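Chemist: My questions will all concern the structure given below.
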Amino acid sequence: MLAELGKRGFADNTIVIFMGDNGGSQFRGKGTLYEFGVNVPLLVRWPARVKAGTTTKELVSGEDLAPTLLEACGLEPLAEMTGRSFLKLLRGEPYPGRSYVFSERGAHGSGLPTGTAPFDLGRVVIGRRYKLIYNVLWQLPYQPVDFHTTALWKELQQMHTDGKLSPELTRLYFAQPRPMFELFDLETDPSELKNLIDSPEHAAVTKELKAALQEWMILERDFVPLPVPPQ
């Protein structure tokens with residue numbers, strides 16, 4: 001594609017974006033709200049405007065692409081757009097950044113809701129260090145998306161039934177029920193193995209993230225129960 005743009009003389013004045021649509025089809029990946037499922041690649045090429053080889057740890061959401069591209073074209077984003085332009089970030093200019101990004105899980109395919117592979121209801125808020133997952137349908141057993149009917153998953157299920165899995169793998173893949181809330185420190189626990197939701201030391205962080213998620217759900221007119229129950 002880049003070669004064709006060069007052939008037509010557009011290479012230096014075209015913004016090219018490459019972004020993953022979801023995480024890898026692996027355990028706790030695609031179809032989940034863990035980082036392997038929602039943290040996807042994002043590459044931007046814009047000669048003379050985006051410095052090649054630069055990276056950032058700023059939080060960017062997929063909904064930010066449209067207002068960014070509109071601003072790059074000299075246009076105002078539509079009033080109903082919920083994304084935020086990160087054009088300043090691309091240009092290396094001072095950029096206030098996001099405090100949080102959000103994601104959700106719903107239907108996948110058309111199977112009956114007997115596990116999380118065909119259907120799940122979940123919401124997540126991700127901050128600069130901590131993230132909180134809200135498993136609305138915490139009663140549904142975890143199933144990996146795209147391969148929950150394969151021999152591999154059936155073998156693991158049998159190993160779980162026979163008590164041959166380690167306690168850690170049993171907790172990660174076969175917890176029944178799943179926790180309604182999960183809190184992770186992405187700085188010290190990037191693999192999201194230690195749920196801190198019941199930690200008294202993290203009560204303030206939990207409250208902050210639940211409040212941010214609740215506000216987002218209200219503004220988005222979400223239809224699932226809010227994470228902060230009425231007092």
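Chemist: Can you say whether Glu63 is within 30 Å of Gln143 (Cα to Cα), of a type in the set (D, E, K, R) and either outside the structural domain of Phe181 (by TED's automatic domain parsing) or within 13 Å of the chain's Cα centre (by Cα) (or both), as far as the supplied structure shows?
Modeler: Yes, satisfied.
Chemist: Would a scan of segment 47-56 turn up a residue that is β-branched (Val, Ile, Thr), touching a strand residue (DSSP E or B) at 6+ places or on another chain (Cβ under 6 Å) and either over 27 Å from Thr206 (Cβ atoms) or modelled with pLDDT under 95 (or both)?
Modeler: Yes: one or more hits.
Chemist: Just to be sure before I move on: is Glu71 touching an Asp or Glu at 6+ places or on another chain (Cβ under 9 Å), acidic (Asp, Glu) and surrounded by 15 or more Cβ atoms within 10 Å (Cβ to Cβ) in the structure I sent?
Modeler: Against the criterion (touching an Asp or Glu at 6+ places or on another chain (Cβ under 9 Å), acidic (Asp, Glu) and surrounded by 15 or more Cβ atoms within 10 Å (Cβ to Cβ)), Glu71 does not qualify.
Chemist: Would segment 97-104 turn up any residue that is modelled with pLDDT of 95 or more, within 25 Å of Phe184 (Cα to Cα) and of a type in the set (A, V, I, L, M)?
Modeler: Yes, some residue in segment 97-104 is modelled with pLDDT of 95 or more, within 25 Å of Phe184 (Cα to Cα) and of a type in the set (A, V, I, L, M).
Chemist: Tell me whether segment 24-33 contains one or more residues that are free of Cβ contacts under 8 Å to residues at least 40 places away in the same chain and charged (D, E, K, R).
Modeler: The answer is no, given that none of the residues of segment 24-33 is free of Cβ contacts under 8 Å to residues at least 40 places away in the same chain and charged (D, E, K, R).
Chemist: Still on this structure, I have one more. Under 8 Å by Cβ, and 6 or more places apart or on different chains, what pairs join a residue from segment 183-198 that is closer than 18 Å to Asn135 by Cα with one that is exposed (fewer than 12 other Cβ atoms within 10 Å of the Cβ)?
Modeler: Cβ pairs passing all conditions: Asp185/Arg129; Leu193/Glu168.
Chemist: Quick check on segment 95-109. Is at least one of its residues farther than 21 Å from Leu213 by Cα and either basic (Lys, Arg) or assigned to a helix (DSSP H, G or I) (or both)?
Modeler: no
Chemist: Taking Pro230, is it in the same structural domain as Tyr134 (by TED's automatic domain parsing), free of Cβ contacts under 8 Å to residues at least 12 places away in the same chain and not acidic (Asp, Glu)?
Modeler: Yes; evaluated as a whole, the condition is true for this residue.
Chemist: What tally of residues in segment 74-96 results from selecting those that are at negative phi, in contact with a Lys or Arg (Cβ under 8 Å, 6 or more places away or on another chain) and loosely packed, with under 15 Cβ neighbours inside 10 Å?
Modeler: Matching residues across segment 74-96 total 2.
Chemist: How many residues does segment 135-150 hold that are more than 8 Å from Ala117 (Cβ to Cβ), touching a residue at least 12 places away in the same chain (Cβ under 8 Å) and not aliphatic (A, V, I, L, M)?
Modeler: 6
Chemist: In segment 18-59, how many residues are on the phi > 0 side of the Ramachandran plot and among the small types (Gly, Ala, Ser)?
Modeler: Going through segment 18-59 one residue at a time, the tally reaches 3.
Chemist: Return the residue satisfying two criteria in turn: it lies in segment 199-223 and is in a loop (DSSP other than H, G, I, E, B) and under 18 Å from the mean Cα position of the chain (by Cα), and of such residues it is modelled with the highest pLDDT.
Modeler: Within segment 199-223, the match that is modelled with the highest pLDDT is Asp222.
Each row is one residue, and each column tells you yes or no for (1) modelled with pLDDT under 95; (2) surrounded by fewer than 18 Cβ atoms within 10 Å (Cβ to Cβ); (3) among the hydroxyl-bearing types (Ser, Thr, Tyr); (4) not assigned by TED's automatic domain parsing to the domain that holds Phe223.
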{"position": "Gly109", "(1), (2), (3), (4)": "yes, yes, no, no"}
{"position": "Arg123", "(1), (2), (3), (4)": "no, no, no, no"}
{"position": "Tyr130", "(1), (2), (3), (4)": "no, no, yes, no"}
{"position": "Leu137", "(1), (2), (3), (4)": "no, yes, no, no"}
{"position": "Ala151", "(1), (2), (3), (4)": "no, yes, no, yes"}
{"position": "Gln158", "(1), (2), (3), (4)": "no, yes, no, yes"}
{"position": "Gly163", "(1), (2), (3), (4)": "no, yes, no, yes"}
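Residue-wise test of (1) surrounded by 13 or more Cβ atoms within 10 Å (Cβ to Cβ); (2) farther than 30 Å from Glu80 by Cβ.
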| position | (1), (2) |
| --- | --- |
| Tyr173 | yes, yes |
| Glu182 | yes, yes |
| Asp185 | yes, yes |
| Asn195 | yes, yes |
| Glu201 | no, yes |
| Ala204 | no, yes |
| Leu209 | yes, no |
| Ile218 | no, no |
| Val224 | yes, no |
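Chemist: Any idea which residue in segment 43-62 is surrounded by the most Cβ atoms within 10 Å (Cβ to Cβ), counting only those that are in contact with a Leu (Cβ under 9 Å, 6 or more places away or on another chain) and in a strand (DSSP E or B)?
Modeler: The extreme case among them is Val44.
The values are calculated or read from the model by the stated rules, or taken from the named source; none is laboratory data. Note that the structure is a prediction, hence the values are computed from the model and not measured. Note: ideal-geometry Cβ built from the backbone for every residue, glycine included; neighbour counts use all protein chains shown.
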